[in-house]
Amino acid sequence: MTDPRPADPSAARPAGPLAILIGPMAAGKTSVGKALAARLGVAFADLDALIVRAEGRSIREIFAADGEKTFRALEADALARALDEHGGILSLGGGAPLTPASAERLRGRPVVLLEIDERIVAQRLGTGADRPMLAGEDPLTRWRAVTSQRMEAYRDLAPYRIDAGQGSPALVARAIARILQLDTPSRVPEETE
Ligand SMILES: Nc1ncnc2c1ncn2[C@@H]1O[C@H](COP(=O)(O)OP(=O)(O)O)[C@@H](O)[C@H]1O
Ligand SMILES: O=C(O)C1=C[C@@H](OP(=O)(O)O)[C@@H](O)[C@H](O)C1
Ligand SMILES: [Mg+2]
């Protein structure tokens, strides 16, 4: 039976996230995403956290028990759901936009690439223990190799880029709010510079 109601385009396609943060491991996607959501007074979701919650185990445990391929499948499913259901700020894990189906789903959306200099990321990586993609050798050496393979795809996908190496997560969030014109007078009180 056909639905007699006129089509409502906004109902057919939910608006989705206001901003989707992508970029290399430890660029600050999770931290900046939280700060941006807090600034705007909207919900924050981190794709890794959604996977961990749904699976009841850590990213490290998923990689160890089931391998990267299974993690990427869980990640792609979680992203598809989040793009449908989440209207706030969404931070992805570093590898999430590289899965072809996910790249297609991200096209045309407000994707922001957080760029980071390797000298700064070196201070943020720690031991690399909670990032399975950095296991096996010096975390910075591994980070450099993984990131150089991904950078072109990141740049191809993201209409917006931001230097995430300068200033606090709140300052990086402010720069993103400005380039995406997300601040509205009702959302954000007058700046105190
Ligand atoms: N702008 C920033 N200034 C200083 N430290 C930061 C900044 N952004 C993130 N960090 C720190 O760097 C580490 C990695 O940040 P995180 O948000 O987890 O990155 P990602 O989600 O991109 O992997 C964390 O310890 C975090 O506190
Ligand atoms: O780059 C990657 O392949 C990964 C990045 C991690 O997220 P962060 O980029 O937030 O560290 C997490 O999704 C997983 O360890 C795999
Ligand atoms: Mg993260």
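(1) under 18 Å from the mean Cα position of the chain (by Cα); (2) open to solvent by 70 Å² or more (accessible area, probe 1.4 Å): which one isn't true of residue 60, the others all being true?
The single condition residue 60 does not satisfy is (1).
Check the range 89-111 and report whether any residue there is farther than 20 Å from residue 159 by Cβ, open to solvent by 40 Å² or more (accessible area, probe 1.4 Å), within 15 Å of ligand 2 (Cβ to nearest atom) and assigned to a helix (DSSP H, G or I).
Within the range 89-111 (the criterion being farther than 20 Å from residue 159 by Cβ, open to solvent by 40 Å² or more (accessible area, probe 1.4 Å), within 15 Å of ligand 2 (Cβ to nearest atom) and assigned to a helix (DSSP H, G or I)), the answer is no, since none of the residues qualifies.
Here are 43, 7: which of them is surrounded by fewer than 17 Cβ atoms within 10 Å (Cβ to Cβ), at pLDDT 95 or above, farther than 21 Å from residue 145 by Cβ and away from ligand 2 (no atom under 14 Å from the Cβ)? Lay out the reasoning, then the answer.
Values: 7 fails: at pLDDT 95 or above.
Residue meeting the stated conditions: 43.
Could you check residue 78 against (1) among the aliphatic types (A, V, I, L, M); (2) within 16 Å of ligand 1 (Cβ to nearest atom); (3) without any contact (Cβ under 8 Å) to a residue 12 or more places away in the chain and say which number it fails?
(3)
Please find, within the range 29-40, the residue that is most open to solvent (accessible area, probe 1.4 Å) out of those that are under 11 Å from the mean Cα position of the chain (by Cα) and more than 9 Å from ligand 2 (Cβ to nearest atom). Spell out the reasoning first.
Of the range 29-40, the ones under 11 Å from the mean Cα position of the chain (by Cα) are 29-34.
Retained after the next criterion (residues that are more than 9 Å from ligand 2 (Cβ to nearest atom)): 31-34.
Values: 31: 61, 32: 5, 33: 0, 34: 116 Å².
Ranking the candidates gives 34 first.
Could you check the range 74-85 and list, in sequence order, the residues that are over 15 Å from residue 22 (Cβ atoms) and either in contact with a Phe, Trp or Tyr (Cβ under 8 Å, 6 or more places away or on another chain) or more than 13 Å from ligand 2 (Cβ to nearest atom) (or both)? Even if it seems obvious, please write down each step before you answer.
First pass over the range 74-85, keeping only residues over 15 Å from residue 22 (Cβ atoms): 74, 77, 80-81, 84-85.
Within the range 74-85, 77, 80, 81, 84, 85 qualify.
In the range 119-144, what residues are in a helix (DSSP H, G or I) and in contact with a Ser or Thr (Cβ under 8 Å, 6 or more places away or on another chain)? Reasoning before the result, please.
At the first step, the residues of the range 119-144 found to be in a helix (DSSP H, G or I) are 119-124, 132-134, 139-144.
Once the filter is applied, which keeps residues that are in a helix (DSSP H, G or I) and in contact with a Ser or Thr (Cβ under 8 Å, 6 or more places away or on another chain), the range 119-144 yields only 139.
From the set of residues in the range 156-172 that are within 16 Å of ligand 2 (Cβ to nearest atom) and part of a helix (DSSP H, G or I), which is surrounded by the most Cβ atoms within 10 Å (Cβ to Cβ)?
172
Could you please let me know if residue 60 is without any contact (Cβ under 8 Å) to a residue 40 or more places away in the chain, charged (D, E, K, R) and assigned to a helix (DSSP H, G or I)? Walk me through it before giving the result.
Values: without any contact (Cβ under 8 Å) to a residue 40 or more places away in the chain: no; charged (D, E, K, R): yes; assigned to a helix (DSSP H, G or I): yes.
So residue 60 fails the test.
The values are calculated or read from the model by the stated rules, or taken from the named source; none is laboratory data. Everything numeric here is computed off the predicted structure, so don't read it as measured data. Methodologically, a virtual Cβ is constructed for each residue, glycine included, from the backbone with ideal geometry; neighbour enumeration extends over all protein chains shown. Ligands, DNA and RNA are excluded from the accessible area calculation, which covers all protein heavy atoms including side chains. Shrake-Rupley method; radii C 1.70, N 1.55, O 1.52, S 1.80 Å.
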